[in-house]
Structures are given as C-alpha cells and as structure tokens.
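The values are calculated or read from the model by the stated rules, or taken from the named source; none is laboratory data. On a predicted model such as this, the values are computed, not experimentally measured, just so you know. Counting neighbours? That spans all protein chains shown, and the Cβs are built from the backbone with ideal geometry, glycine included.
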Amino acid sequence: MDPVTLVLYVVSAIVLILIITAVVKSVTVVRQAEAAVIERLGRYQRTAAPGLTILVPFIDRIRERVALWEQVVSFPPQPVITQDNLTVSIDTVVYYQVTEPRNAVYEISDYINGVQQLTTTTLRDVVGGMSLEEALTSRETINTRLRRALDDATGPWGLRVVRVELKAIDPPPSIQHSMEQQMKADREKRAMILTAEGHRESSIAAAQGNKQAAILNAEGNKQAVILEAEADRQATMLRAQGERAAAFYQAQGEAKAIEKTFAAIKAGRPTPEMLAYQYLQTLPQMAQGDSNKMWVVPSDFGKALEGFTKMLGAPGEDRVFRYQPSPEDSTAATRPGHTDEDVADWFDMSTDPEIAKVVAAAEQRADAAVAEPETNGLGRHATDGVGLPPTDTV
C-alpha cells in the first residue's frame with residue numbers, strides 16, 4: 001500500500017471517530033424527576049427537561065443534574081440555649097424540594113450546607129425565646145416557625161421547604177433527673193387526687209343508698225301503718241255490725257220467747273193455784289246469790305195472785321177464775337219476732353265498696369317499687385316529707 005492511500009485511511013478513520021464522538025456528545029438523556037442545567041461556552045443556556053436532549057458538540061455541556069423529587073436531610077444535634085439559660089441538644093429533620101434548578105446551581109454553591117446553617121441559626125433564634133418547658137411542649141409551634149423562616153430564606157435558591165420536624169430535644173442529665181422527679185410527683189399527686197375522688201364518690205353513693213333505703217323503709221312503714229289502721233277500722237266496723245246484729249237477734253229471741261211463753265200461759269188457762277205454784281218455784285231463784293242470805297214471802301201473796309187471775313180469766317161454775325180469750329186475740333197482729341225494714345241493713349254482711357277501694361289502693365302503693373328520688377327546686381327530695389302521695393280516706 002502506497003503512502004498516499006495509508007494517509008487517506010488514517011484521515012478517514014480520524015474523521016469517523018470525530019463524527020462518532022460528536023454524535024455521542026450531542027445526544028443525552030435526562031431521567032424522570034431530574035433536570036439538567038446546560039451551559040454553552042461557559043454561559044447558562046437552558047434547563048433540559050426529562051427525556052432526550054440534543055447538545056451542540058464541543059460547545060454545549062451539562063453543568064449539573066439536579067434532582068427534583070422531595071429530599072430529606074437530617075442534621076446532627078445542635079446545642080441551643082433556652083431563655084432560662086439551659087443548654088439543650090436538638091435534632092432536626094428538613095424536607096425540601098428543588099423548584100428552580102438554575103437558582104439552585106448558580107445562586108448558592110452548596111444549598112444543602114446552606115439549609116443546614118440556616119436551620120441552626122433559625123432554631124437558636126426560635127428556641128432562645130422560650131423556656132425549657134415551653135420548648136418541650138411547643139414542638140408544633142417550633143416546627144411551623146422553622147418551616148416558614150426556611151421557606152422564605154431558601155426561596156431565592158430555588159428551594160421549597162416542605163416541612164421541618166424536631167426529632168429530639170435532649171435537656172442536660174441533671175435537668176432530666178429533676179424533670180423525672182417532678183413528673184413522678186405529679187403522677188403521685190394525680191393518683192392521690194383520684195383515690196380521694198374515688199372515696200368521695202363511694203361515700204356519696206353509700207349515703208344516697210342509705211337515704212334511699214331509709215325512704216323506702218319509711219314508705220313501707222307508712223303503708224303498713226295505713227293498712228293496719230284501715231284493717232283495724234274495717235274490723236271495728238264489722239265487729240260493731242256483728243254486735244249490733246247479734247243484739248238485735250237476741251232481742252228478737254227474747255221477744256219470741258216471751259211471746260211463746262205468754263201464748264202458752266193463755267193456752268193453758270192457768271188457775272190461781274197453778275200461778276201460786278209457779279210463783280213459789282221462782283222465788284228461790286230470786287233469792288240465789290252470794291249477797292242473799294234470806295228471803296221473805298210477801299204477806300199479800302194471795303191477794304196478788306187473786307188479782308192477777310181475775311185480770312186473765314173469768315169465774316167458772318166452780319167459782320174458779322180461768323183464762324177467757326179476749327175478742328182481739330183472734331185478730332192478726334204484727335209479731336215482735338218479725339224483722340223491721342228500718343233495721344234491714346244491719347244484717348248486710350257484704351264489704352263496703354269504698355273500704356275495698358281504699359284497701360286495694362293501699363296494697364298497690366305498698367307493692368309498687370319506689371322510683372329514684374328526684375330533687376325539687378329547693379334541693380330537697382320529692383319524698384322528704386313533701387309531695388307524698390295523698391292517702392285516701394273514707
């Protein structure tokens with residue numbers, strides 16, 4: 001091969017390599033959620049979006065690829081002095097996102113370091129105006145103030161601070177021991193308060209139970225007294241009715257006995273000797289008794305019998321007075337043994353409806369359950385002597 005041909009081959013190879021290199025350098029791919037900052041001859045030219053990007057070979061170049069997804073950065077603990085001159089160690093976590101890749105590349109050299117330093121200074125400013133107790137109980141407030149301050153400061157850098165979280169706030173060991181003792185004392189105090197409250201509620205419940213039991217006992221005693229009084233009244237009334245009816249029956253029996261005796265005497269037409277004999281039979285009975293030691297037959301005994309016989313009879317053929325029926329004996333008369341209409345209700349043994357009604361109402365109140373006592377406007381229970389159900393009376 002002659003030298004000219006060899007030179008042509010070498011030149012062709014060099015040209016081919018240059019073409020391949022230019023093609024490779026002129027084509028690049030930007031991944032999703034990334035942005036490529038492109039410079040042309042050292043000056044910002046454009047920001048390439050995700051996808052295939054064409055560059056001018058040997059003139060354009062990618063200065064930096066910037067991630068557009070939300071990123072998390074955790075900073076080491078930072079010592080912060082609180083308002084009450086106590087040093088606490090605070091760990092922070094910052095969530096941010098790049099919104100302007102050009103500003104993130106050209107406005108600050110290292111935006112991660114910038115965010116860290118800005119977080120430290122802002123945290124010291126925010127927590128420095130709080131006491132330790134406020135800092136421990138105001139994490140949400142600190143997070144909000146930090147996020148707002150960082151978002152305002154990192155806006156020109158093309159960053160957006162999504163949120164800031166305080167991962168830990170660690171006070172000094174001596175303060176931690178004091179806080180533990182304080183928390184223990186607070187827990188013991190709450191336990192004592194709850195125990196006392198439980199005893200108080202138990203005493204109140206026991207007192208209410210005793211009060212309700214006393215009310216129920218009083219109500220039961222009241223109903224028992226009412227029923228007993230009503231039973232005594234009804235028994236007295238029934239006993240009186242029975243005694244009244246018995247007295248009337250006894251009077252009727254005596255009247256009937258006298259009527260029968262008098263009718264038998266008339267039917268027997270007694271003589272004076274018979275009457276004298278009966279009179280003599282009755283006199284010893286009249287003399288019976290512890291206080292009667294002796295008895296005397298009246299001197300006019302014969303005259304009394306003679307007058308009694310003359311009133312009852314008329315002299316016969318033997319000059320002896322015998323019973324002579326009078327004309328009015330044949331007429332019918334009202335016999336004293338008959339029952340009169342004005343005393344017919346004496347023998348009514350049925351129960352009075354009013355009495356039965358009262359007894360039934362009393363038994364119903366005694367059997368009914370007593371409801372929970374309600375307090376009226378004066379602070380007294382409705383059954384404390386006020387508002388008791390009225391008692392039916394007959």
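Just a few scattered comments:
- Checking each residue of segment 112-119 against the condition of being farther than 30 Å from Ser26 by Cα and part of a loop (DSSP other than H, G, I, E, B) gives no match.
- Qualifying residue in segment 228-242 (condition: touching a Ser or Thr at 6+ places or on another chain (Cβ under 6 Å), within 30 Å of Ala360 (Cβ to Cβ) and surrounded by 11 or more Cβ atoms within 10 Å (Cβ to Cβ)): no
- Any chance Gln208 is at pLDDT 90 or above and surrounded by 11 or more Cβ atoms within 10 Å (Cβ to Cβ): yes
- Taken as a whole, the condition of being within 52 Å of the chain's Cα centre (by Cα), surrounded by 13 or more Cβ atoms within 10 Å (Cβ to Cβ) and either within 22 Å of Ala362 (Cβ to Cβ) or in contact (Cβ under 8 Å) with a residue 24 or more places away in the chain (or both) does not apply to Gln252.
So that you can scan it fast, the table gives a plain yes or no per residue for (1) more than 49 Å from the chain's Cα centre (by Cα); (2) among the polar types (S, T, N, Q); (3) closer than 30 Å to Thr47 by Cα; (4) modelled with pLDDT of 90 or more:
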residue	(1), (2), (3), (4)
Tyr106	yes, no, yes, yes
Tyr111	yes, no, yes, no
Val127	no, no, no, no
Met130	no, no, no, no
Glu133	no, no, no, no
Leu136	no, no, no, no
Thr141	no, yes, no, no
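- Some residue of segment 18-41 being loosely packed, with under 15 Cβ neighbours inside 10 Å, among the hydroxyl-bearing types (Ser, Thr, Tyr), over 60 Å from the mean Cα position of the chain (by Cα) and part of a helix (DSSP H, G or I): yes
- Residues (under 20 Å from Ala67 (Cα atoms) and without any contact (Cβ under 8 Å) to a residue 12 or more places away in the chain) located in segment 115-171: Asp151, Gly155
- Residue among Ser109, Ser74 that alone is without any contact (Cβ under 8 Å) to a residue 40 or more places away in the chain, polar (S, T, N, Q) and loosely packed, with under 15 Cβ neighbours inside 10 Å: Ser109
- Residue match in segment 159-172 (condition: over 30 Å from Ile108 (Cα atoms), at pLDDT 90 or above, in contact with an Asp or Glu (Cβ under 9 Å, 6 or more places away or on another chain) and aliphatic (A, V, I, L, M)): no
- On the stretch given as segment 76-110, residues that are more than 28 Å from Glu34 (Cα to Cα) and either of a type in the set (Phe, Trp, Tyr) or outside any strand (DSSP E or B) (or both) total 5.
- Hits in segment 139-158 (condition: out of contact with any Gly (no Cβ under 9 Å at 6 or more places or on another chain) and surrounded by 16 or more Cβ atoms within 10 Å (Cβ to Cβ)): Ile142, Asn143, Arg145, Leu146, Arg147, Ala149, Leu150, Asp151, Gly158
To keep it simple, each residue is scored yes or no on (1) of a type in the set (Gly, Ala, Ser); (2) touching a Cys at 6+ places or on another chain (Cβ under 6 Å); (3) in the same structural domain as Asp125 (by TED's automatic domain parsing); (4) in a helix (DSSP H, G or I).
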residue: Arg145; (1), (2), (3), (4): no, no, yes, yes
residue: Arg148; (1), (2), (3), (4): no, no, yes, yes
residue: Ala153; (1), (2), (3), (4): yes, no, yes, yes
residue: Val161; (1), (2), (3), (4): no, no, yes, no
residue: Lys167; (1), (2), (3), (4): no, no, yes, no
residue: Ala185; (1), (2), (3), (4): yes, no, no, yes
residue: Ile204; (1), (2), (3), (4): no, no, no, yes
residue: Glu228; (1), (2), (3), (4): no, no, no, yes
